[in-house]
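Below is one structure, written out as structure tokens; comments come after it.
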Amino acid sequence: MNDMRLTERAVTEKAKMSARKVQVYYGSNHALKDVDVDILDKTVTAFIGPSGCGKSTFLRCLNRMNDTVASARVEGKIEMDGHDIYDTRVDPVQLRAKVGMVFQKPNPFPKSIYDNVAYGPKIHGLTRSKAELDEVVETSLRKAALWNEVKDRLNAPGTGLSGGQQQRLCIARAVATGPEVLLMDEPCSALDPIATAQVEELIDELRSQFSVVIVTHSMQQAARVSQRTAFFHLGYLVEYGETGTIFTNPSDPRTESYITGRIG
Amino acid sequence: MSVGLLSLLLLGLAALGFGLGRQRAIASVNGDARGLHSLPQYYGSSVALFTAVPAFLLVLVWLIVQPVVIESTITGMILPEDIGDGSTRELVMSDVRRIAEGIDVLVANGATGDEIAALVADPVALKARLGDAGVALAADINPHVATASAAYRGEVAMGRTMMSVAALALAVAGFLFAALRVTPQFRARNVVESFIRVLLIGASSVAILTTIGIILSLVFESWHFFQIYPAKDFFFSLTWSPKFGGGSDLGIWPLLWGTLYVSFIGLLVAVPVGLMAAIYLSEYASPRVRSVAKPALEILAGIPSIVYGLFALMTVGPFLRDYFSQPLGLGESSSSVMTAGIVMGIMLIPYVSSLSDDIINAVPQALRDGSYGLGATQSETVKQVVFPAALPGIVGAVLMAASRAIGETMIVVLGAGAAAKLSLNPFEAMTTVTVKIVSQLTGDTEFASPETLVAFALGLTLFVFTLGLNILALYIVRKYREQYE
């Protein structure tokens with residue numbers, strides 16, 4: 001699959017984030033078991049697997065969003081650049097500025113397009129002047145391939161955009177805080193094919209600046225956009241490796257069954 | 001036949017109709033209910049409804065119309081000279097009714113028809129007999145009035161009989177009509193459901209018609225008031241001094257000012273406290289705290305406002321006077337705008353907090369996640385995302401609280417005093433529109449004087465005010481609610 005793009009799959013082998021023996025419990029439910037993954041720098045990593053397999057749960061461990069769920073408990077070790085992100089000295093709020101997140105459903109704030117993008121830089125004090133903020137907003141919108149569509153109506157409400165535009169606005173919003181890793185939880189599941197294609201193209205461009213982790217139900221999407229793929233099943237990480245290998249020559253029979261549509 | 005007995009008969013007939021309709025339906029398909037359009041009980045219900053509903057409606061209409069018709073015929077029997085000085089036709093008519101009731105008592109005590117006829121011909125004896133039976137009359141009975149009473153009695157009795165006959169006939173007709181319609185194809189379920197729909201429409205029209213009735217009565221009496229008191233003085237005069245001897249000044253401004261001032265202070269207390277309580281409860285409180293604190297806060301809403309009034313009178317008023325207004329030299333009275341305003345604010349806290357809490361909870365979790373995902377703290381999220389998203393609803397909640405504050409009476413009577421004044425000093429006693437409505441209408445006063453009728457004009461003004469606020473609140477809530485749906 002996609003053999004022509006194999007050249008593009010050359011990636012740095014430097015791990016940006018690494019997870020070892022991660023366990024997640026929701027109350028008494030053991031949702032994620034013994035997950036070991038290295039997220040490589042400037043790489044798109046796709047998490048695939050059937051619903052309820054734990055891939056979104058694991059994604060939410062990477063920026064400690066599970067902290068906001070009262071019943072969730074995380075064990076094991078997740079490091080970012082060699083520092084444990086679950087260390088008590090780490091402020092989850094600071095962490096989330098470095099590990100941005102885009103959600104399944106576009107969730108623009110009920111503010112103007114400009115204020116949506118400026119939200120992160122403002123709360124983190126990333127800019128010193130209005131001009132600087134304007135610049136951050138513009139570059140973020142450009143990176144999200146939305147600038148040309150909205151540059152004349154930056155003061156219009158973000159909720160008035162179309163679904164695909166809203167999702168790109170959410171990406172711009174996440175990009176504006178200058179993340180080192182961007183987590184995307186099924187970012188295209190609420191979008192039509194054209195908007196999906198735009199977002200996928202965007203993901204490929206964003207890879208030049210930071211790592212992207214994407215959870216997806218579409219195996220074609222995983223094959224199209226990612227260089228690394230992890231397959232989750234029933235809370236276990238079944239297989240993790242180079243995307244081409246996973247899709248063409250998986251070593252685990254469960255991976256093969258899932259990819260060929262026999263389990264899911 | 002009495003109305004009670006008639007109702008029982010009609011209900012019995014309806015029950016019979018239910019049984020029969022059901023049975024006929026089952027029989028028509030030889031016991032296999034699957035061949036019917038609707039379930040058997042719908043056939044039964046359709047017969048029962050056709051039996052009872054038209055008959056009961058007839059009884060209802062008859063009971064309303066009959067007295068009117070009888071009054072108009074009997075009134076004709078009373079000649080102008082029968083109406084004494086200082087009396088009116090209405091007073092004579094009420095005598096007629098009273099005597100007729102008295103005769104009913106005599107009949108119940110065993111008087112025969114001949115005896116009654118003799119008594120009617122002899123008013124003096126009639127009065128004596130009525131007195132013996134416990135129906136005392138002040139004046140002697142005029143012969144015309146006596147005959148009118150007898151005629152009245154006769155017509156009432158005849159009307160009753162006719163009503164019973166008509167209602168029963170209608171019930172039987174409905175019964176037969178519906179029973180004959182029972183066939184397997186008959187859409188009994190649809191018929192029953194349309195009856196229910198009419199019932200629902202009826203219930204909602206009762207509410208709407210009552211509102212219209214209230215407005216009309218206010219408008220009507222206010223119109224009377226403006227006939228005898230110039231509207232210009234009412235709306236533009238700055239003094240309120242009703243004198244029951246006449247020559248009063250009935251300017252609405254001092255009252256309106258008091259109302260707005262007290263409400264303003266009330267909202268000044270209720271809005272920040274209520275809002276912050278709502279934010280704590282919906283965003284920060286753990287489920288356990290919330291499950292205790294929310295009902296506890298809502299208990300405040302269940303306290304009758306007179307109890308708040310007592311609290312204002314006994315506790316808050318003296319406290320404010322002793323520790324604030326007297327030391328600061330701002331006033332000597334324990335009744336003040338401040339007292340009433342603060343206590344009213346306490347009363348309004350649960351309204352603001354409960355409504356706002358619901359509105360804040362309705363803000364989608366996705367927005368909060370989006371904000372957390374960008375590295376915002378909980379407080380930044382509340383301040384910059386949740387609160388702005390909930391703001392339209394919160395404004396609506398505040399306006400609802402405002403219209404309650406404007407209509408509040410008891411707290412103001414006991415807390416703010418009764419002096420109509422235009423003053424900026426919040427430690428002075430003032431009064432509000434509602435309080436003056438009460439005081440103008442209580443006591444022995446002539447009902448046609450401007451001093452009394454002004455109450456209706458005040459009521460109408462207040463109504464227009466709160467209606468405007470409520471419409472504004474609904475408009476705001478509706479206009480901005482679409483944003484995140």
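What does the average come to when, for each residue of peptide B:362-373, you count the partner chain Cβ atoms lying within 10 Å of its Cβ?
6
As an exercise, identify the chymotrypsin sites (Phe, Trp or Tyr not before Pro) in the range B:348-449 lying in DSSP coil whose Cβ has no more than 14 other Cβ atoms within 10 Å.
Here the sparse-neighbourhood loop sites are B:F447.
By the scheme Lys and Arg +1, Asp and Glu -1, what is the net charge of all other residues having a beta-carbon under 15 Å from that of B:I228?
Overall, the nearby charge balance is -3.
Please report the projected area of the range B:1-106's Cα convex hull averaged over all directions, in nm².
Values: hull surface 38.7 nm².
Averaging across all directions leaves 9.7 nm² for the Cα convex hull.
Under the rule of at least 5 residues apart or a separate chain, name every residue whose amide H is placed under 5 Å from the amide H of A:V44.
Amide H to amide H, under 5 Å and 5 or more residues apart or across chains, A:V44 pairs with A:V212, A:Q227, A:R228.
With θ taken as phi - 60° and the coefficients 6.51, -1.76 and 1.60, list the Karplus ³J(HN,Hα) couplings across the range A:214-227 in order, rounded to whole Hz; mark glycine and proline as x.
Once θ is set to phi - 60°, the couplings for the range A:214-227 become 10, 9, 8, 9, 9, 5, 4, 4, 4, 5, 6, 9, 9, 9 Hz.
How high is the FRET efficiency from A:R142 to A:E13, r the C-beta distance, R0 22 Å, rounded to 0.05? Please list the in-between numbers first.
Numbers: r = 30 Å, r/R0 = 1.37.
Once rounded, the FRET efficiency stands at 0.15.
Quick check: Cα centre of the range A:118-153 to Cα centre of the range B:135-161, how many Å?
Centre-to-centre distance over Cα atoms comes out at 91 Å.
In nm, to one decimal, how far is the B:I303 label point from the B:A33 one, both placed 7 Å along Cα→Cβ?
About 5.5 nm, to one decimal.
Given the -39500 (n - 2.57) contribution per DSSP H run of 4+ residues, what per-residue ellipticity at 222 nm results for chain B, rounded to the nearest 500 deg cm²/dmol? If you can, show how the numbers build up before the last one.
Values: 19 runs with 348 residues, N = 485.
So the calculated ellipticity at 222 nm is -24500 deg cm²/dmol.
How many angstrom separate the Cα center of the range A:191-250 from the Cα center of the range B:359-409?
With the range A:191-250 and the range B:359-409 each reduced to a Cα centre, they are spaced 37 Å.
Could you give the dipole magnitude of the protein assembly as shown about its Cα centre, charging the beta-carbon of Lys and Arg +1 and that of Asp and Glu -1, in debye to the nearest 20? Could you put the intermediate results ahead of the total?
Working: 60 positive and 67 negative charges, 397 e Å.
Dipole size: approximately 1900 debye.
What average number of partner chain Cβ atoms lie no more than 10 Å from the Cβ of the residues making up A:58-64? Working shown, then result.
Details: counts 0, 0, 2, 0, 0, 3, 1.
That average works out to 1.
Compute the FRET efficiency between B:V395 and B:A128 as 1/(1 + (r/R0)^6), taking r as their Cβ-Cβ distance and R0 = 45 Å, and round to the nearest 0.05.
0.05
With point charges of +1 on the Cβ of Lys and Arg and -1 on the Cβ of Asp and Glu, referenced to the Cα centre of the protein assembly as shown, which listed residue (B:V273, B:W253, B:N361) lies farthest in the positive direction of the dipole?
B:N361
Estimate the FRET efficiency between B:L63 and B:L209 by the formula 1/(1 + (r/R0)^6), using the beta-carbon distance for r and 22 Å for R0, to the nearest 0.05. Write out the running numbers ahead of the final one.
Details: r = 19 Å, r/R0 = 0.84.
According to the calculation, E is roughly 0.75.
Residues of the range A:102-144 with backbone nitrogen within less than 14 Å of a virtual label 7 Å along the Cα-to-Cβ line of A:H83, please, listed as ranges.
No residue passes the distance filter.
Run the simple label-point estimate for A:A70 and B:L441 please: 7 Å along Cα→C-beta, distance reported in nm.
Roughly 4.8 nm, to one decimal.
Say each of B:L137 and A:A190 gets a label point 7 Å from the Cα, pointing the same way as Cα to Cβ; how far apart are those two points in nm?
Calculated label separation equals 8.3 nm.
Take the Cα atoms of the protein assembly as shown, build their convex hull, and give its volume per residue in Å³.
Expressed per residue, the convex hull around the Cα atoms of the protein assembly as shown is 293 Å³.
Only Lys, Arg, Asp and Glu count, each charged at its Cβ (+1, +1, -1, -1), so figure out the dipole size of the range B:3-186 about its Cα centre, rounded to 20 debye. The partial results should precede the final answer.
Details: 11 positive and 15 negative charges, 273 e Å.
My answer is approximately 1300 debye.
Which whole-number value in Å³ per residue fits the convex hull of the alpha carbons of chain B?
So the per-residue Cα hull volume is 267 Å³.
Under 1.5 on a/c is rounded, so check that first for the range B:302-438, then, if it is not, pick prolate when a/b is larger than b/c and oblate when it is not; a ≥ b ≥ c are the square roots of the alpha carbon gyration tensor eigenvalues.
Working: a/c = 3.14, a/b = 2.29, b/c = 1.37.
It comes out prolate by the Cα gyration axes.
Which of B:V398, A:T43, A:T57 sits farthest toward the positive end of the charge dipole of the protein assembly as shown, with +1 on the Cβ of Lys and Arg and -1 on the Cβ of Asp and Glu?
Looking along the dipole axis, the top candidate is A:T43.
Treat every Asp and Glu Cβ in the range B:252-352 as -1 and every Lys and Arg Cβ as +1, leave all other atoms uncharged, and give the resulting dipole magnitude about the Cα centre to the nearest 20 debye. Don't skip to the end; give the middle numbers.
Working: 4 positive and 4 negative charges, 54 e Å.
For the range B:252-352, the charge dipole is close to 260 debye.
Taking the Cα centre of the range B:351-477 as the origin and placing charges on Cβ (Lys, Arg +1; Asp, Glu -1), which of B:L472, B:G375, B:A457 is farthest toward the positive end of the dipole?
In the range B:351-477, that residue is B:G375.
Report, as an integer, the average count of C-beta atoms from other chains found within 10 Å of each Cβ along A:90-103.
Rounded to a whole number, the mean comes out at 3.
Read-outs: derived from the displayed coordinates by stated rules, not from any lab. As the structure is a prediction and not an experimental result, all values here were calculated from the model. Methodologically, a virtual Cβ is constructed for each residue, glycine included, from the backbone with ideal geometry; neighbour enumeration extends over all protein chains shown.
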